[in-house]
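Undergrad: Here's a structure for you.
The values are calculated or read from the model by the stated rules, or taken from the named source; none is laboratory data. All values derive from a computational prediction rather than experimental measurement. Backbone-built Cβ (ideal geometry, glycine too); neighbour counts: all protein chains shown. Surface accessibility is based on the protein's heavy atoms, side chains included, excluding ligands, DNA and RNA. Shrake-Rupley method; radii C 1.70, N 1.55, O 1.52, S 1.80 Å.
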Amino acid sequence: MGGKSISDLILSQFSKYVESDELFEGISALLVSAVREKKGATKIKEILEKNHK
Amino acid sequence: MKIMNLEIKNIRGIKTIKIQPEGHNVVIFGPNGAGKSALVDAIDFLFTGKISRLTGEGTKFLKLKEHGCHVDSRDDLKNTVVIAKIEVDGKNISLMRSIHRPRFLQVKPKKETNLVKECLERASFGIHLLSRREILRYITSEAGQRAKAIMSLLNLGEIERQRSDFVFIRNDSSTDFKHADSNLEKAKSEVVNLLSLKKFSEKACLDKVNSLRIILNAPKIPTLIQEKIKDGVEPWPFGAIEEVLTTKQIENTIEEIRNLTKLDDIILKSQELEGLLEKLDKEAALEQYISYKRLIDEGISLVGDKNVCPLYGRKWKRGSFRSFLIEKQKEIEIASGRYEKIDEISGHIKNKVDLLKNDIILALRAHKQFKLEIVDEKRAEKYMSQLDSWSKAMLNPLKLHQEGKWPRSNLEEILSNPFVEDAVLDPLDHTLHVVGPQLSAQQIAWDTLTKMEDRWKTYQETLEARKASEKIKKMAQALLDYFVKARNSILSDVYDAVEKNFERYYKSLHSEDESGFCANISPKQAELVFEVEFYNQGMFPPHALHSEGHQDSMDVCLFFALNKYLVKEFLDVIILDDVIMSIDSAHRRNICRMLRKSFPSKQFIITTHDATWAKQLKTECIVTKKNMFHFLNWNIDTGPMLEMDKDLWDKIKEDLTNDDVPSAAHKLRRNAECFFDDVCDFLRATGLPYTATRQWDLGEFASAAISTYKKYLRRAIANAKKMDQNEKVKTLEELENKANEVIKRSAIEQWAINKNVHYSRWEEFHRRDFEPVVEAFKDLFNLFVCSSCGSMISHIRKIGRKPEFIVTCNCGEVFWNVE
């Protein structure tokens, strides 16, 4: 699939960036899966708010 | 997936039509209004359940059920169907779709439904069909519109939605942070006000608290903790109630309001802010580059002097790549600096405005405490709402400025409003002077420490909230940056692949005049840049300098480049609906070669109103005679009349059988002229006399074609002898003898034609006199056509280690070295 594969490629590259940043240590998997599952802005922000320490 | 049979009933202008392409290319030609596009619409409908022509801009009132069927069938939609037999991976499958239930595609055998769906998913992008409408979408459209059209083809809507989510989170977090920062400043200000400090610091607070504790005979405390503030202090019997403001607090409030309203730096900062916002409005593209910062920094260290992009390994086509990156790096630094400055200044203004708001509220409370009735409540409300609008605007100044929602009231006017001094501060000053100090030092110390417990708790909570908010803001910005970086990096690869194919296809069409052609297709913010090189003069938009014909070529090439990337091997059908209009004959031939070489497994369905282009497609072996369909004489009751394209010699034979010599002679003359025109073109014949009109007659074409043919044949024999290719020499010499005989015979017959240059005299010929003329020309024609593949022989430059000139056919059976 042209479009789907582009979307997948972008998300996979995005995951690599997030996982390699110490800022997201411990929550990168949670964030990436929320993005992949299209949970939306509110859910992603909620993850940041609950796990910012 | 290819179409084997197609049957259309009551769709658009078609009543009923059946064709059997058997997986091969199809050409439909005929005048405008003959119903060609209705056939395209029917295939489009079969694949997608929609008709592209009835969707998009300007089609608001067009509906599939009303306008997709034949006008006579609007009440009988069950009978408006497209039926096809298709072949996918060697499997024969039947498809049927009716306008009655457009979303339902009947697939037989049913078990192949998923296979068909997978193929037709590509058709839902719309990349199987190129019509005049798409030319407007890709080539001549504005960058933003083009980006939308291509992004929709690439199915990038979801990606854009996710980016919007990250932008929302970033903006929301930034707003939260500004609130948290403002709350902290407010909490500090209240502590400063309560303790009558000049400036906030935790140490100053501790010192002040300890000095108050000493007044109350309590020991000093080492650290300032809410619970310890009154630890060891004896309760003072006349403790004040929290709501009552002390004289000192009111004095401090008055002083702070005066300081805040006299702050020239807020005015200067608000002017600086507006200046920065106006600059960024004009340079919206800079935002994009910020996400590239690290990439560009790395790029500069890697590129060296090679002028090759280290990421893509391709040569930079526009000057020095290193200089380009350095220039971009400077722009990024400037842009980043501006964004940071805007954030800093707006945060500063917001804090000051919020403090002023808070102090005015305290001052008005003092008014009530002293039972003063001087302040006009409406004026006070208006003043507070002006401060509010600035406080809110400072949360997201860039967005509000871009949307034209900047606060109406000028900040300088608000701060210098006489209402503050005359109606709020002066009466309070006067009252304080009259009332004088009322409370003892111990009472004030006790009251202050009591209030300090709450103030300090609020300060510590807001401090924690600000820290948390700052981290969330940083994370939100990082998420957006990473997403944009990932998107740009992947899309650049996609656009790079499309760009490479586009360049390759275009060069194959225009190798003679634009062999150094290059293009740039790249995303820039929400737009898609599309520039092409114009004869070594630099990069320009495709419709800026190139001719209509070249733009048509670009359109075809971009369409094929996108099709190649998106459709891959899943959908083999490509429809070209009357698109090659402004391209000249020579370049059309190159298009035929491109279709044959680059898309050998595709099934093209080509419609055209241009009979010459249709004929060229046949001459170039893109389509066989069997799959040429001539649409003509459309009328509302019958739809188009369909005529199979008959062989010329069959048509002449039919005329002669009917003793219609004038018709036969007309056909021979007309077709011979066109045929030798093509031969001259294919063999790059020399010897045509110069004419300003560039028009020649049959005699001139035939003479040039035959002399060039003989010349090449002689060269081929000589070269074969040099190479000791005895068998080839023998074959070519036999061909030369045969050619001489045919040419000689046709030259005799040519006499008949020469004598009757104006063929009207042929009307006097008897059928038996004309038949040998026809036979001679038939043999003569066959000299220029390969007996194996049926294509016309052509003179080409063979590219290899040592380029050489050859005469060859499509299948390679004819191969003469004519160097």
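Undergrad: I'd like the full set of residues that are within 20 Å of B:SER173 (Cα to Cα), in contact (Cβ under 8 Å) with a residue 24 or more places away in the chain and within 8 Å of chain B (Cβ to nearest Cβ), limited to region A:6-53.
TA: Hit for region A:6-53 is A:VAL35, nothing else.
Undergrad: Working only within region B:751-771, note down all residues that are at pLDDT 60 or above and surrounded by 14 or more Cβ atoms within 10 Å (Cβ to Cβ).
TA: Answer for region B:751-771, where residues must be at pLDDT 60 or above and surrounded by 14 or more Cβ atoms within 10 Å (Cβ to Cβ): B:PHE765, B:ARG767, B:PHE770, B:GLU771.
Undergrad: Are there any pairs, at least 6 apart or on different chains, whose C-beta atoms fall under 8 Å, with the first in region B:199-226 and of a type in the set (Lys, Arg) and the second surrounded by 15 or more Cβ atoms within 10 Å (Cβ to Cβ) and not in a loop (DSSP other than H, G, I, E, B), and if so, which?
TA: Qualifying pairs under 8 Å: B:LYS199/B:VAL192; B:LYS208/B:LEU195; B:ARG213/B:ALA445; B:ARG213/B:LEU449; B:LYS220/B:ASN210; B:LYS220/B:ARG213.
Results for (1) open to solvent by 20 Å² or more (accessible area, probe 1.4 Å); (2) without any contact (Cβ under 8 Å) to a residue 24 or more places away in the chain; (3) in contact with a strand residue (DSSP E or B) (Cβ under 6 Å, 6 or more places away or on another chain); (4) more than 14 Å from chain A (Cβ to nearest Cβ), shown as yes or no for each residue.
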site: B:VAL434; (1), (2), (3), (4): yes, yes, no, yes
site: B:THR458; (1), (2), (3), (4): yes, no, no, yes
site: B:SER469; (1), (2), (3), (4): no, no, no, no
site: B:GLN477; (1), (2), (3), (4): yes, no, no, no
site: B:ALA519; (1), (2), (3), (4): no, yes, yes, yes
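Undergrad: Continuing with the same structure: Scan region B:16-30 and give yes if some residue there is under 34 Å from the mean Cα position of the chain (by Cα) and over 30 Å from B:THR612 (Cβ atoms), otherwise no.
TA: No, every residue in region B:16-30 fails to be under 34 Å from the mean Cα position of the chain (by Cα) and over 30 Å from B:THR612 (Cβ atoms).
Undergrad: Let me ask another. Among the residues of region B:479-499, how many are more than 16 Å from the chain's Cα centre (by Cα), at the interface with chain A (Cβ under 9 Å from one of its Cβ atoms) and open to solvent by 10 Å² or more (accessible area, probe 1.4 Å)?
TA: 3
Undergrad: A follow-up question, please. Could you go through region B:203-224 and let me know if any residue there is surrounded by 15 or more Cβ atoms within 10 Å (Cβ to Cβ) and hydroxyl-bearing (Ser, Thr, Tyr).
TA: no
Undergrad: Let me ask something else. Of the residues in region B:14-46, how many are out of contact with any Lys or Arg (no Cβ under 9 Å at 6 or more places or on another chain) and open to solvent by less than 40 Å² (accessible area, probe 1.4 Å)?
TA: Result for region B:14-46: 6.
Undergrad: Take B:LEU566 and decide whether it is within 14 Å of chain A (Cβ to nearest Cβ) and hydrophobic (A, V, I, L, M, F, W, C).
TA: The answer is yes for B:LEU566.
Undergrad: Further question on the same structure: Can you find, within region B:315-341, the residue that is surrounded by the fewest Cβ atoms within 10 Å (Cβ to Cβ) among those that are in contact with a strand residue (DSSP E or B) (Cβ under 9 Å, 6 or more places away or on another chain) and part of a loop (DSSP other than H, G, I, E, B)?
TA: Among them, the one singled out is B:ARG318.
Undergrad: Condition check: assigned to a helix (DSSP H, G or I) and surrounded by fewer than 20 Cβ atoms within 10 Å (Cβ to Cβ). Does B:GLU373 satisfy that?
TA: No: the conditions fail for B:GLU373.
Undergrad: All but one of (1) at pLDDT 85 or above; (2) open to solvent by 50 Å² or more (accessible area, probe 1.4 Å) hold for B:GLU503; which doesn't?
TA: (2)
Undergrad: Only residues in region B:83-108 that are closer than 28 Å to B:LYS63 by Cα count as the first member; pair them with residues that are basic (Lys, Arg) and open to solvent by 90 Å² or more (accessible area, probe 1.4 Å), Cβ under 7 angstrom, at least 6 apart or cross-chain, and list the lot.
TA: Sorted first by the residue in region B:83-108, then by its partner, the pairs are B:SER94/B:LYS85; B:SER94/B:LYS108; B:SER98/B:LYS78; B:ILE99/B:LYS65; B:HIS100/B:LYS78.
Undergrad: Return the pair list, or none, for Cβ contacts closer than 6 Å from residues in region B:1-27 that are in a loop (DSSP other than H, G, I, E, B) to residues that are small (Gly, Ala, Ser), at least 6 apart or on different chains.
TA: Taking only residues 6 or more apart or on different chains, the pairs are B:ARG12/B:ALA38; B:GLY13/B:GLY35; B:GLY13/B:ALA38; B:GLY13/B:GLY639.
Undergrad: Among the listed residues B:HIS550, B:HIS546, identify the single one that is surrounded by 20 or more Cβ atoms within 10 Å (Cβ to Cβ) and free of Cβ contacts under 8 Å to residues at least 40 places away in the same chain.
TA: It is B:HIS546.
Undergrad: Continuing with the same structure: Name every residue in region B:327-370 that is among the small types (Gly, Ala, Ser), closer than 21 Å to B:ILE266 by Cα and in contact (Cβ under 8 Å) with a residue 60 or more places away in the chain, in order of residue number.
TA: B:SER346, B:GLY347
Undergrad: I would also like to ask the following. Inside region B:563-609, can you point out the residues that are modelled with pLDDT of 85 or more, in a loop (DSSP other than H, G, I, E, B) and more than 16 Å from B:ASN501 (Cα to Cα)?
TA: Those that are modelled with pLDDT of 85 or more, in a loop (DSSP other than H, G, I, E, B) and more than 16 Å from B:ASN501 (Cα to Cα): B:ASP572, B:SER601, B:LYS602, B:HIS609.
Undergrad: Within region B:436-456, which residues are open to solvent by 20 Å² or more (accessible area, probe 1.4 Å) and assigned to a helix (DSSP H, G or I)?
TA: Start the filter on region B:436-456 by keeping residues that are open to solvent by 20 Å² or more (accessible area, probe 1.4 Å), which leaves B:437-442, B:444, B:446, B:450, B:453-455.
Once the filter is applied, which keeps residues that are open to solvent by 20 Å² or more (accessible area, probe 1.4 Å) and assigned to a helix (DSSP H, G or I), region B:436-456 yields B:ALA441, B:GLN442, B:ILE444, B:TRP446, B:THR450, B:GLU453, B:ASP454, B:ARG455.
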